[in-house]
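Engineer: Could you have a look at this structure, given as structure tokens, before my questions?
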Amino acid sequence: MVRTGSRHFLGLAVVTGAAFLVLLFALEQLALAGVALSMLVAVLALFAWFSVHSGDGDVSASEAAVAGPGAGAAPWPAVTAAGVVLVAVGLVVDAVLVIGGIVVMLASLAEWLVLAWSERSSADPGYNRDARGRLLHPIEFPVAAALGLGVVIFLFSRIMLAIDKASGALLFIVFGTLILVAGTLFAAGGGGRRVVSAAIVGAGAVGLLAGGVAGGTSGLRADLAEAREEGHYLHPECGPERAKYFDKHAERTVSLRASVAAIVEMRDGALVARLTGLEDRPQSTLTIPRSNPTTIIFRNEDGTDRRLVANLGVKTFEDGSTELIQDCTQLIEPGAEHALTLTIPKPAPADAPYTLTVAGVEGQAITLVVP
Amino acid sequence: MAIIERPLGGAPALPGGASLPTPAGTYGVLRRPVTTTGWKSWVFTVDHKKLGIMYGVTAMFFFIVGGVEALLIRLQLAAPDGKVLNADLYNQMFTMHATTMVFLFVMPMAAAFANYFVPLQIGARDVAFPRINAFGFWCLLLGGIFLNAAWFLGGAADGGWFMYAPNSGPIFSPSHGVDFWALGLQITGIASLTGAVNLIVTVLNMRAPGMSLLKMPIFTWMIFVVQFLLVFAMPVITVALFLLMFQRNFGATFFDVAAGADPLLWQHLFWIFGHPEVYILILPSFGIISEVLPVFSRKPLFGYPFVVFSGAAIGFVGWGVWAHHMFASGLGPVSVAVFSVATMAIAVPTGVKIINWTLTMWGGKLVFSTAMKFAIGLIVLFTIGGLSGVTHSVAPSDTQQTDTYYIVAHFHYVLFGGAIFGLFSGFYYWWPKVFGKLLDERLGSWNFWLMVIGMNMTFGPMHILGLQGQPRRMYVWTDARAGEGVFNFAFWNMVASIGSFILAVGVLCFLVNVWITSRRPGRAPLDPWNARSLEWMTSNPPKEHNFDAIPTVSHLDEFFHRKYEEDPATHTMRQVATAEQVLADLESRADAHIHMPSPSYWPVVVALALPIIATGLIYSHLVAVAGGVVLLLGIYGWALEPGTAPDSDMDPPAAGGVPAVSHG
Amino acid sequence: MSHAGPVGAREGSVGSVPRVMRTVRARARRAATGGLVLAGAAALAGCATDAPQDTWQPKGPNAKIIDDLQKPVFAVAGIVGVLVLVAVGWAIWRYRDRGQPIPAQTHGNPVLEITLTVIPALILTVIGIFTFRTVLELAKTDDTELVINVTGQQWWWEYDYPVQEEFGITQPIITSGQLVFPAGTKVLLRETSRDVIHSYWIPALNGKRDAVPGRVHTLRIEADEPGIYAGQCTEFCGLSHANMRMEAVALSDADFAAWVANQQEAYVAPAAGTLAKAGEEVFLNQCVRCHQVNGLLRADGTPAIAAPDENVWSGAAPNLTHLMTRNTFAGAMFDLLTPACRERVWGASSADFGERYLAGVSADCLDENALRAWLRNAPAVKPMYANPTQLAATGGKYRGMPNLGLSEADIDKLVAYLLTRQ
């Protein structure tokens, strides 16, 4: 007689068989899949046969009298079977699926156990439902919420990464407004409004799903893709501009503005340093403490794009070859500013002082003294 | 006699004569903790009065801890080149002394008073969110324990309570002390925030009929202002502490100069919180003595609306003065000048309070109980502290005085002479209400005078030390900088150290007082002080549901006006009813149905998850994940649990059908 | 208090006169005592001692400006305080419970209230105006004459003098411990820090100003007379914060020129065969890893460049080229001079001061005990993060000077060598 317990194994055997067939046609790793799944089908069918004949796991007649309405419908046999299938498929395809399957199986096992316990705890189905909820709702709700949120975030992020910045902002506003409207309608209650708000939520869900899939397949928007290729956050060497999207506006950050040791200014072909505290007395020498991160702002008041270069000596390699040690700002347009943070661990040799120069301008230099 | 209801209905009859299983049998550990006696009735309680007492006991414990730290500091500094503590231990000591006194004593003690008395003063039966209230308490206790656990795990925080970056970073403070500090304060911060939201909602929604905002007792008013300060200030320090935590535990560079950051960011964040925090500490005590002074002057508070609005003004202007803690940090002259003037401006509403307290006593009939003495002590000492505050609101002088003992003197006059004297005033005033026993007045007198003498001896000389140029936070001072003559560093430091022990004996008197009076037979009379506000219009201690009938309010000082009427001829007051008569009148119209919230496991479970997460963040992220799971489950368990337990959680009604069991 | 009964529950039964009188007398006494705290603080701080860091004894115009502002403010605060305390004392005495009836329940007097609000507001407005003016005056930088860069690190200060020909500074001078500058000259300090926040404070010359890493803050100082002025780091900066001191030395213009000239003198190696020459070798083997001596050459003739950036977290160690021209070492924590010689400098009149200071540390005046203890085991005499087991966070770099494990013989040699660093 097919009852509670045996039903489980029969279901599993059938679903596993179906998975086997799918694998057979969809994938080509027949050998492994075939062996694993046919073994599983066999074992499960055997268990089902045992179960049918022994009646193990069935609700007995005496228990049924107390249990009143008895066991109701439950999704857990089917979910467990799905977990088994996941494990089986995962064995062939990917280890992640195996872990997923095991998690699904464990979760449904727990649900199943608690359901079985609660259905027998009294004759009152309402009371039984309450007992089950008390134990499981604190787990079910957050997991469901996390899964749901995860899906929403994932889909939304696909959309936002795919469309351009301006549309992104617009979409954000539209989405926010929709959520607000739907939430307000929900809170206000009322039959008709509930239908409207449910419709909004439904439409939103469908839109999100469609947009997410579309965004996911179309890939990152152009500038993000480019920035990723360029190494967005790396400081470029003192050469031609390599990065279009390098952060041009570092000087606007409050911290750099507040922390400068000096402003080095290129004006009318002359280079001067204005030290913090001595802004009105331009200097041609800048003394900075050794081993101390010191921020200098380069201000270009010249007619053309300029770049400040710090010449910090020569590095000699073991094979005798040498390389200039330089650091520099971006090439910046007239009227713009850019910050440069220097940390100089050792003083310069007496015969070759460190200097600040502007690329392409001869004869203008600020001596960097590191005592 | 009113009845606290549980849901009605006996065991439902089942077909076939079977009966439902008992709640204990079915739910096992999942049953709600509905017992009314034993330790469970405290641990799982949501009663604002029990929580208030637990807040108070916790705070008192930490007061002693912080006090011992202070005594060690004074021992170390009593003589030049002290050898009691080494540099490392001293730095931990002064950091934890301040942290403990601010976050684990004064704030929770104010919360204790607020929890206990705000619902009583506004004629409510509990706060708006009783389980959140319980959760707040457990956060405080566990956070406090967590903070101090660092002592035993490699050393406590050593960066000063202001914890300036970058000195608080992992390079400069390599022990886990600062981690424990930052995370512990996050946990206690949750207590403050939840408590604040709770009390704001309670005050706005649960006042007795007739009690308009301007008929609200002044203590409740000050607490109300403080809760708004907390709601806005705590998020700021939370953000700052998060930045610090990420800097230390996850390699972030928020304060790392080499990465382009500015360490002054921390100072701004800290003091945007830190200055309102000062008012968070002092306003509850202002509220307490604004209750005590009228009672013992037999006169209403002079200029009640002025006191209310000056409190609100302090709360508001308090946001615009944070940078006066940073006059020396290089803000630029315009900011310094503006903040300097703003700081002077805040002295005005504070002065208003002093004036009003003095004028409350003026023309009164003063009774010098211990509570009154502490209240007058607050006026005097706070005035001194306030005026020394004015001297360094002047930014140029502040650059000479800041980070010297002059500042230490100033804020101890304000916080010890102000906040703590107010709290002690509250202890003596409300003790009979809470515990049904009067504290001994003779010991109280010893308590008061020793504290006054000790406090002035300890902190008075610090003014002089500061002006003589002794900086703060130095684990030793040397003879080379002590000056010549008798009245040099050596003399004043010794006086301060002796004073600190006199102060400690004064506090000890209070503890002895509590112990002795708790063992005395007899109960306090119903209205020992001839009080004025609603919390006295119920039994001592109050019943679980506070009031049998919610009184309808028609006056500020409602209770007083039910006892006294003005004699139209002489304009003096004459008694028309005793307190007992007023109470009997109220009880004769007891409410028939009173619903009280049920106890719950979840606040404790959720609170317990927090230190687990915090420990995990320091030692192993796996533990943090485990704590996170507990937290998440706890929150959902809580959210899905009804506020009042359903019938199935209750024991079956006793035979005869009288629902005699209360839960609350 | 005679019994523990409910005070005031029954009017009259409690307020027995003698007890109240006792209380009132005591209270009046206390009010009087309390009222004197501010005034007392002022008086005692001002005249009872001669503390080197006294904030009420300005020795230069900047500190004087502050002093001129703060003294009236203290006076106003004191007067207001006494008024309030007298009012409280009077109320306590006059309105104590003498059996009078409960007064009418009056709720205040708005006119009085507003008056008493406006008066302090007016007083504060006046103070505010003067404050504003003083703040802006102290922030001026455009009239300063000499610029000195001041860099703080755990737990000492480094001073470097950029080239300023008008003061005879033709090559950068770098020193530590004592800030030397000409008296009567407006000096601009440009402060920064290499690690945590420190604060530069010479109370006799100006208020304090924090040295914040990554930022440059300015502080103007000027001394009226030649002399030595004590100071102390006042922003908590970690373990040895208490031991981070400084001394500011004002010299007459001529003496300052002599000091500058001495600081720029070329290096003279000790004569071969002397103990000092052996000390130079020890120095080259050990100390030069962090400490620079300008002009010092290695045995192969190459200049010995110190590499504190490889060994110390802050990346700096005091330059020892002219150690013996300074009277202190290790963040001005220890004296190089014997107590008697120190007193000769600190107790000098402004006329004698320059000569005595420029004499430096002679062999007779050198207090070897502190120096030897330092060389023997520095972390034992000044708390520092120099224990190799605690250096995981800094990647093995020290914060402070480690124990070098020098032999007594090496210490003898080093002391002899350092004594030549005049």
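Engineer: Mind counting the residues in region B:432-450 that are without any contact (Cβ under 8 Å) to a residue 60 or more places away in the chain and within 12 Å of chain C (Cβ to nearest Cβ)?
Structural biologist: Of the residues in that region, 2 qualify.
Engineer: I want to confirm something. Restricting to region B:472-522 and keeping residues that are in contact with an Asp or Glu (Cβ under 7 Å, 6 or more places away or on another chain) and within 14 Å of B:Ile73 (Cα to Cα), which single residue is nearest to the other protein chains (Cβ to nearest Cβ)?
Structural biologist: Per the stated criteria, the residue is B:Val476.
Engineer: Looking only at helices (runs of 4 or more DSSP H) that lie completely in region B:386-474, which have at least 3 residues being within 23 Å of B:Ile64 (Cβ to Cβ) and in contact with a strand residue (DSSP E or B) (Cβ under 6 Å, 6 or more places away or on another chain)?
Structural biologist: none
Engineer: Which pairs turn up if I take residues in region B:554-567 that are hydrophobic (A, V, I, L, M, F, W, C) and look for partners that are not in a helix (DSSP H, G or I) with beta carbon separation below 7 Å, at least 6 apart in sequence or on another chain?
Structural biologist: B:Leu556/B:Pro300; B:Phe559/B:Ala531; B:Phe559/B:Arg532; B:Phe559/B:Ser533; B:Phe559/B:Met537; B:Phe560/B:Arg532
Engineer: Then there is this: When you check B:Leu204 against the structure, is it surrounded by 24 or more Cβ atoms within 10 Å (Cβ to Cβ) and away from chain C (no Cβ under 14 Å), yes or no? Working first, answer last.
Structural biologist: Working: surrounded by 24 or more Cβ atoms within 10 Å (Cβ to Cβ): no; away from chain C (no Cβ under 14 Å): yes.
No.
Engineer: Does region B:418-437 contain at least one residue that is modelled with pLDDT of 95 or more, closer than 18 Å to B:Pro349 by Cα and among the β-branched types (Val, Ile, Thr)?
Structural biologist: No, region B:418-437 contains no residue that is modelled with pLDDT of 95 or more, closer than 18 Å to B:Pro349 by Cα and among the β-branched types (Val, Ile, Thr).
Engineer: So, of the residues in region C:205-218 that are aliphatic (A, V, I, L, M) and within 9 Å of chain B (Cβ to nearest Cβ), which turns out to be surrounded by the most Cβ atoms within 10 Å (Cβ to Cβ)? Can you show your working first?
Structural biologist: Filtering region C:205-218 down to residues aliphatic (A, V, I, L, M) leaves C:205, C:211-212, C:216.
Those still in the list that are within 9 Å of chain B (Cβ to nearest Cβ) too: C:211-212, C:216.
Details: C:Ala211: 30, C:Val212: 28, C:Val216: 22.
Within region C:205-218, the match that is surrounded by the most Cβ atoms within 10 Å (Cβ to Cβ) is C:Ala211.
Engineer: Quick check on my filter: what residues within region B:278-326 are within 12 Å of chain C (Cβ to nearest Cβ) and under 30 Å from C:Ala211 (Cα atoms)?
Structural biologist: Residues satisfying the conditions are B:His324, B:His325, B:Met326.
Engineer: Do any strands (runs of 3 or more DSSP E) entirely within region C:83-193 hold 2 or more residues that are within 14 Å of chain B (Cβ to nearest Cβ), and if so, which? Spell out the reasoning first.
Structural biologist: Values: elements: C:146-153, C:156-161, C:173-176, C:178-182, C:187-193.
In region C:83-193, C:146-153, C:187-193 are the strands (runs of 3 or more DSSP E) which contain 2 or more residues that are within 14 Å of chain B (Cβ to nearest Cβ).
Engineer: Filter region A:332-342 down to the residues that are out of contact with any Cys (no Cβ under 9 Å at 6 or more places or on another chain) and buried (at least 18 other Cβ atoms within 10 Å of the Cβ) and list them by number.
Structural biologist: First, the residues of region A:332-342 that are out of contact with any Cys (no Cβ under 9 Å at 6 or more places or on another chain): A:332-339, A:341-342.
Selection gives A:Ile332, A:Ala336, A:Glu337, A:His338, A:Ala339, A:Thr341, A:Leu342.
Engineer: Moving to a separate point now. Return a yes/no flag: does region C:282-289 have any residue that is in a loop (DSSP other than H, G, I, E, B), in contact with a helix residue (DSSP H, G or I) (Cβ under 9 Å, 6 or more places away or on another chain), under 25 Å from A:Pro349 (Cβ atoms) and in contact (Cβ under 8 Å) with a residue 60 or more places away in the chain.
Structural biologist: Yes, there is a match, as at least one residue in region C:282-289 is in a loop (DSSP other than H, G, I, E, B), in contact with a helix residue (DSSP H, G or I) (Cβ under 9 Å, 6 or more places away or on another chain), under 25 Å from A:Pro349 (Cβ atoms) and in contact (Cβ under 8 Å) with a residue 60 or more places away in the chain.
Engineer: Quick one: count up the residues across region B:597-611 that are surrounded by fewer than 21 Cβ atoms within 10 Å (Cβ to Cβ) and either in contact with a Lys or Arg (Cβ under 7 Å, 6 or more places away or on another chain) or charged (D, E, K, R) (or both).
Structural biologist: 0
Engineer: Here's something else I'd like to know. Of the residues A:Leu178, A:Leu115, which single one is touching a Lys or Arg at 6+ places or on another chain (Cβ under 8 Å) and more than 14 Å from every other protein chain (Cβ to nearest Cβ)? Steps first, please.
Structural biologist: Values: A:Leu178 fails: touching a Lys or Arg at 6+ places or on another chain (Cβ under 8 Å).
After applying the criteria, what remains is A:Leu115.
Engineer: Would you confirm whether or not region B:488-499 contains a residue that is in a loop (DSSP other than H, G, I, E, B) and farther than 30 Å from B:Gly436 by Cβ? Steps first, answer last, please.
Structural biologist: Pass one, region B:488-499, residues in a loop (DSSP other than H, G, I, E, B): B:488.
Those still in the list that are farther than 30 Å from B:Gly436 by Cβ too: B:488.
Within region B:488-499, one or more residues are in a loop (DSSP other than H, G, I, E, B) and farther than 30 Å from B:Gly436 by Cβ.
Engineer: On the given criteria, is B:Ile288 under 27 Å from B:His561 (Cβ atoms), assigned to a helix (DSSP H, G or I) and either in contact with a Gly (Cβ under 7 Å, 6 or more places away or on another chain) or among the hydrophobic types (A, V, I, L, M, F, W, C) (or both)?
Structural biologist: Details: under 27 Å from B:His561 (Cβ atoms): yes; assigned to a helix (DSSP H, G or I): yes; either in contact with a Gly (Cβ under 7 Å, 6 or more places away or on another chain) or among the hydrophobic types (A, V, I, L, M, F, W, C) (or both): yes.
Against the criterion (under 27 Å from B:His561 (Cβ atoms), assigned to a helix (DSSP H, G or I) and either in contact with a Gly (Cβ under 7 Å, 6 or more places away or on another chain) or among the hydrophobic types (A, V, I, L, M, F, W, C) (or both)), B:Ile288 qualifies.
Engineer: Hey, another quick one. In region B:477-488, which residues are farther than 17 Å from B:Asn456 by Cα and crowded, with 19+ Cβ neighbours inside 10 Å? Reasoning before the result, please.
Structural biologist: Looking only at region B:477-488, we keep the residues that are farther than 17 Å from B:Asn456 by Cα, and these are B:477-486, B:488.
Across region B:477-488, the qualifying residues are B:Trp477, B:Arg481, B:Ala482, B:Gly483, B:Asn488.
Engineer: Answer yes or no as to whether A:Glu265 is at pLDDT 85 or above and surrounded by 16 or more Cβ atoms within 10 Å (Cβ to Cβ). Give the steps one after another, and end with the answer.
Structural biologist: Values: at pLDDT 85 or above: yes; surrounded by 16 or more Cβ atoms within 10 Å (Cβ to Cβ): yes.
Answer is yes for this residue.
Engineer: Does at least one position in region A:135-147 carry a residue that is out of contact with any Gly (no Cβ under 9 Å at 6 or more places or on another chain), closer than 15 Å to A:Ser218 by Cβ and assigned to a helix (DSSP H, G or I)?
Structural biologist: no
Engineer: Also, I was wondering about something else. For C:Asp224, which of the numbered conditions (1) more than 9 Å from chain B (Cβ to nearest Cβ); (2) within 22 Å of C:His322 (Cα to Cα); (3) surrounded by fewer than 23 Cβ atoms within 10 Å (Cβ to Cβ) fails to hold?
Structural biologist: Result: C:Asp224 fails condition (2) only.
Engineer: Considering region B:383-404 alone, what residues qualify as being farther than 26 Å from C:Leu205 by Cβ and either more than 7 Å from chain C (Cβ to nearest Cβ) or among the aromatic types (Phe, Trp, Tyr) (or both)?
Structural biologist: We begin by selecting, within region B:383-404, every residue farther than 26 Å from C:Leu205 by Cβ; these are B:383-387.
If the condition is that a residue be farther than 26 Å from C:Leu205 by Cβ and either more than 7 Å from chain C (Cβ to nearest Cβ) or among the aromatic types (Phe, Trp, Tyr) (or both), then B:Gly385, B:Gly386 are the ones that fit.
Engineer: Where residues in region B:74-86 are closer than 14 Å to B:Gln470 by Cβ, among the hydrophobic types (A, V, I, L, M, F, W, C) and surrounded by fewer than 19 Cβ atoms within 10 Å (Cβ to Cβ), which of them is nearest to the chain's Cα centre (by Cα)?
Structural biologist: B:Ala78
Engineer: Could you tell me which of the residues B:Ala252, B:Ala261, B:Ala240 is crowded, with 18+ Cβ neighbours inside 10 Å, over 23 Å from the mean Cα position of the chain (by Cα), of a type in the set (Gly, Ala, Ser) and within 30 Å of C:Ala392 (Cβ to Cβ)? Step through it out loud before you land on a result.
Structural biologist: Values: B:Ala252 fails: crowded, with 18+ Cβ neighbours inside 10 Å; B:Ala240 fails: over 23 Å from the mean Cα position of the chain (by Cα).
Unique residue meeting the criteria: B:Ala261.
Engineer: Let me ask something else about it. Need a quick list: helices (runs of 4 or more DSSP H) entirely within region B:77-184 having at least 1 residues that are modelled with pLDDT of 95 or more and among the charged types (D, E, K, R).
Structural biologist: Those helices (runs of 4 or more DSSP H) do not exist here; none qualify.
Engineer: If the requirement is being at the interface with another protein chain (Cβ under 8 Å from one of its Cβ atoms), within 23 Å of the chain's Cα centre (by Cα) and crowded, with 24+ Cβ neighbours inside 10 Å, which of these qualifies: B:Val336, B:Val380? Let's see the steps before the verdict.
Structural biologist: On the way: B:Val336 fails: within 23 Å of the chain's Cα centre (by Cα).
Checking each option against the conditions leaves just B:Val380.
Engineer: Give me a count of the residues in region C:321-347 that are in a loop (DSSP other than H, G, I, E, B) and either within 14 Å of chain A (Cβ to nearest Cβ) or among the basic types (Lys, Arg) (or both). If you could, list the steps in order and put the result at the bottom.
Structural biologist: Quick first cut of region C:321-347, residues in a loop (DSSP other than H, G, I, E, B) only: C:321-322, C:326-327, C:330-333, C:336, C:338, C:347.
Subsequent filtering for residues that are either within 14 Å of chain A (Cβ to nearest Cβ) or among the basic types (Lys, Arg) (or both) retains C:321-322, C:326.
Selection size over region C:321-347: 3.
Engineer: Here is a follow-up. Do any helices (runs of 4 or more DSSP H) lying entirely in region C:366-422 carry at least 2 residues that are of a type in the set (D, E, K, R) and touching a strand residue (DSSP E or B) at 6+ places or on another chain (Cβ under 8 Å), and which ones are they?
Structural biologist: Of the helices (runs of 4 or more DSSP H) lying wholly inside region C:366-422, none has at least 2 residues that are of a type in the set (D, E, K, R) and touching a strand residue (DSSP E or B) at 6+ places or on another chain (Cβ under 8 Å).
Engineer: Do any residues in region C:350-377 that are in contact (Cβ under 8 Å) with a residue 60 or more places away in the chain and polar (S, T, N, Q) have Cβ atoms under 7 Å from those of residues that are surrounded by fewer than 19 Cβ atoms within 10 Å (Cβ to Cβ) and assigned to a loop (DSSP other than H, G, I, E, B), where the two are at least six apart or on different chains, and which pairs are they?
Structural biologist: As it stands, the answer is C:Ser350/C:Glu225, since those pairs meet every condition given.
Engineer: Looking at the structure I just gave you, is C:Ala254 more than 14 Å from chain B (Cβ to nearest Cβ) and either more than 22 Å from A:Leu368 (Cα to Cα) or touching a residue at least 12 places away in the same chain (Cβ under 8 Å) (or both)? Walk me through it before giving the result.
Structural biologist: Values: more than 14 Å from chain B (Cβ to nearest Cβ): yes; either more than 22 Å from A:Leu368 (Cα to Cα) or touching a residue at least 12 places away in the same chain (Cβ under 8 Å) (or both): yes.
Against the criterion (more than 14 Å from chain B (Cβ to nearest Cβ) and either more than 22 Å from A:Leu368 (Cα to Cα) or touching a residue at least 12 places away in the same chain (Cβ under 8 Å) (or both)), C:Ala254 qualifies.
The values are calculated or read from the model by the stated rules, or taken from the named source; none is laboratory data. What you see is a predicted model, and the numbers here were worked out from it, not measured in a lab. Every residue, glycine among them, receives a Cβ derived from its backbone with ideal geometry; neighbour counts consider all protein chains shown.
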